[in-house]
Amino acid sequence: MKKVYIFFLLLVIILVIAASIIWFLPTSKNTVVNKAGTKNSQELSFVPLEKQAMPPFIKNVYPANDMKVDFHYEGDFTPQNDWGFIPLEYYTPPASSEKFLSVSKAKDRQDFLYRADGYLPIFQSEGGHSYQGTPIYMTNPDDKYSLSYLGFKINDESLISELKVELGIDYFAVPESGNTGAFEDNHFSLASLLGIDVVNACGPGVYVRKVGDSNLVFVQASDGIAWYKLEKPIALYNLDLNYCDDPPGTMPSYCNFWADDPPDCQKWCEYTASITSLVNGNLRMHVYYKPNDKEGLLRFQLANFIVSDPQGAYYQATMGQDFNHYYKAYLH
């Protein structure tokens, strides 16, 4: 009888050890083999948000129905954002069909994707003659909103060391909605009427004015969302809608926009790139991050865009086109 008890005891021990080994073995679903041949545990599934997440530390957040944000994530619209100069590189992990933007040369490459200050863009960055970014449509000129908080769904926050946000006005932007922007030229209009195709070599991004930027300070994580506060809130009102510092007027005939022009020629703009409002998405936002010195798959989705008014009330912008898209990068 004693031998039977010992047998069953040994059998239980063996089963426990076998179950432990099976439990801790990596599976093909969550294991990525990198180029060096080592294995890194990476969660290959990422379910993007379909609706905005709410910040738990703000009691009331009201809808801002007069403000909408569309989404143009870097590497998401291939080949539109390649510009034909430097094609973007992609990486597809084993057991996955998802394409990740490859950012393996962030430390020694400077072009439209890799900035000299070490930050990488989440949204489409400046490239060629386009400021790009994600457009913000503001339909009420009387609003006095300031960008105050941003929420992000990030699959692995350890891959990121710093985050910052920047806003600018592209006075010659062509929003994705098909609107041709606010810049008008009588010659272009006449050519259009005559059925002549006009190619504008100096397109979006030539007339850009930065509105402001700020570091993003981590506040808290809640329900899988990381919330950040702007170190310096960025005002989205009283913005200069005229690209030129001086009102348009009659430019002297001796000004040719050459290097040896007299100093008084500097106040004139070659073109009057001005807009009448921010309705058409000329206000653009960029989010930049600094990667840690770590390999991994990064997925990053904007979860909410929180603004405040002078009275201290908080509002969330309407999430528009491609809200459920997200940034995908393979850092290595």
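Is there a residue in segment 74-90 that is more than 21 Å from N324 (Cα to Cα), at pLDDT 85 or above and either surrounded by 21 or more Cβ atoms within 10 Å (Cβ to Cβ) or not aromatic (F, W, Y) (or both)?
Initially, segment 74-90 is screened for residues more than 21 Å from N324 (Cα to Cα), giving 82-89.
With the extra rule that they be at pLDDT 85 or above, the set shrinks to none.
No, every residue in segment 74-90 fails to be more than 21 Å from N324 (Cα to Cα), at pLDDT 85 or above and either surrounded by 21 or more Cβ atoms within 10 Å (Cβ to Cβ) or not aromatic (F, W, Y) (or both).
Quick one: in segment 301-326, of everything that is among the hydroxyl-bearing types (S, T, Y) and in contact with a Lys or Arg (Cβ under 7 Å, 6 or more places away or on another chain), which residue is nearest to P291 (Cα to Cα)? Before the answer, list the steps.
Quick first cut of segment 301-326, residues among the hydroxyl-bearing types (S, T, Y) only: 308, 314-315, 318, 326.
Filter once more, keeping what is in contact with a Lys or Arg (Cβ under 7 Å, 6 or more places away or on another chain): 318, 326.
On the way: T318: 29, Y326: 17 Å.
Here the residue is Y326.
Applying the selection to segment 294-325, what residues are aliphatic (A, V, I, L, M) and part of a strand (DSSP E or B)?
Scanning segment 294-325 gives L297, L298, L302, A303, I306, V307, A317, M319.
Let's see how each residue does on (1) of a type in the set (A, V, I, L, M); (2) out of contact with any Lys or Arg (no Cβ under 8 Å at 6 or more places or on another chain); (3) at pLDDT below 50:
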{"position": "L25", "(1), (2), (3)": "yes, yes, yes"}
{"position": "S28", "(1), (2), (3)": "no, yes, yes"}
{"position": "A36", "(1), (2), (3)": "yes, yes, yes"}
{"position": "K39", "(1), (2), (3)": "no, yes, yes"}
{"position": "F57", "(1), (2), (3)": "no, yes, no"}
{"position": "P63", "(1), (2), (3)": "no, yes, no"}
{"position": "D66", "(1), (2), (3)": "no, yes, no"}
{"position": "F71", "(1), (2), (3)": "no, yes, no"}
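Filter segment 134-178 for residues that are among the aromatic types (F, W, Y) and at pLDDT 95 or above; which is farthest from the chain's Cα centre (by Cα)? So that I can check it myself, show each step before the final result.
Step one: filter segment 134-178 for residues among the aromatic types (F, W, Y), giving 137, 145, 149, 152, 171-172.
Imposing the further condition that a residue be at pLDDT 95 or above reduces the set to 137, 145, 149, 152.
Numbers: Y137: 16, Y145: 20, Y149: 15, F152: 11 Å.
This residue is Y145.
Hey, does segment 310-318 have a residue that's in contact with a Ser or Thr (Cβ under 9 Å, 6 or more places away or on another chain) and of a type in the set (A, V, I, L, M, F, W, C)?
Of the residues in segment 310-318, the ones in contact with a Ser or Thr (Cβ under 9 Å, 6 or more places away or on another chain) are 310, 314-315.
Subsequent filtering for residues that are of a type in the set (A, V, I, L, M, F, W, C) retains none.
No, there is no match, as no residue in segment 310-318 is in contact with a Ser or Thr (Cβ under 9 Å, 6 or more places away or on another chain) and of a type in the set (A, V, I, L, M, F, W, C).
Answer yes if at least one residue in segment 292-309 is within 25 Å of N65 (Cβ to Cβ), in contact (Cβ under 8 Å) with a residue 60 or more places away in the chain, crowded, with 20+ Cβ neighbours inside 10 Å and touching an Asp or Glu at 6+ places or on another chain (Cβ under 9 Å), and no otherwise. Please lay out each step first, then the result.
Of all residues in segment 292-309, those within 25 Å of N65 (Cβ to Cβ) come to 301-309.
Remaining after also requiring in contact (Cβ under 8 Å) with a residue 60 or more places away in the chain: 301-309.
Filter again for crowded, with 20+ Cβ neighbours inside 10 Å, leaving 301-307.
Filter once more, keeping what is touching an Asp or Glu at 6+ places or on another chain (Cβ under 9 Å): 307.
Scanning segment 292-309, I find at least one residue that is within 25 Å of N65 (Cβ to Cβ), in contact (Cβ under 8 Å) with a residue 60 or more places away in the chain, crowded, with 20+ Cβ neighbours inside 10 Å and touching an Asp or Glu at 6+ places or on another chain (Cβ under 9 Å), so the answer is yes.
Each row is one residue, and each column tells you yes or no for (1) loosely packed, with under 15 Cβ neighbours inside 10 Å; (2) at pLDDT 70 or above; (3) touching a Cys at 6+ places or on another chain (Cβ under 8 Å).
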residue: P248; (1), (2), (3): yes, no, yes
residue: C255; (1), (2), (3): no, yes, yes
residue: P263; (1), (2), (3): yes, yes, no
residue: E270; (1), (2), (3): yes, no, no
residue: A273; (1), (2), (3): no, yes, yes
residue: G281; (1), (2), (3): no, yes, no
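The values are calculated or read from the model by the stated rules, or taken from the named source; none is laboratory data. From a predicted model like this one, the values you see are computed outputs, not experimental measurements. Backbone-built Cβ (ideal geometry, glycine too); neighbour counts: all protein chains shown.
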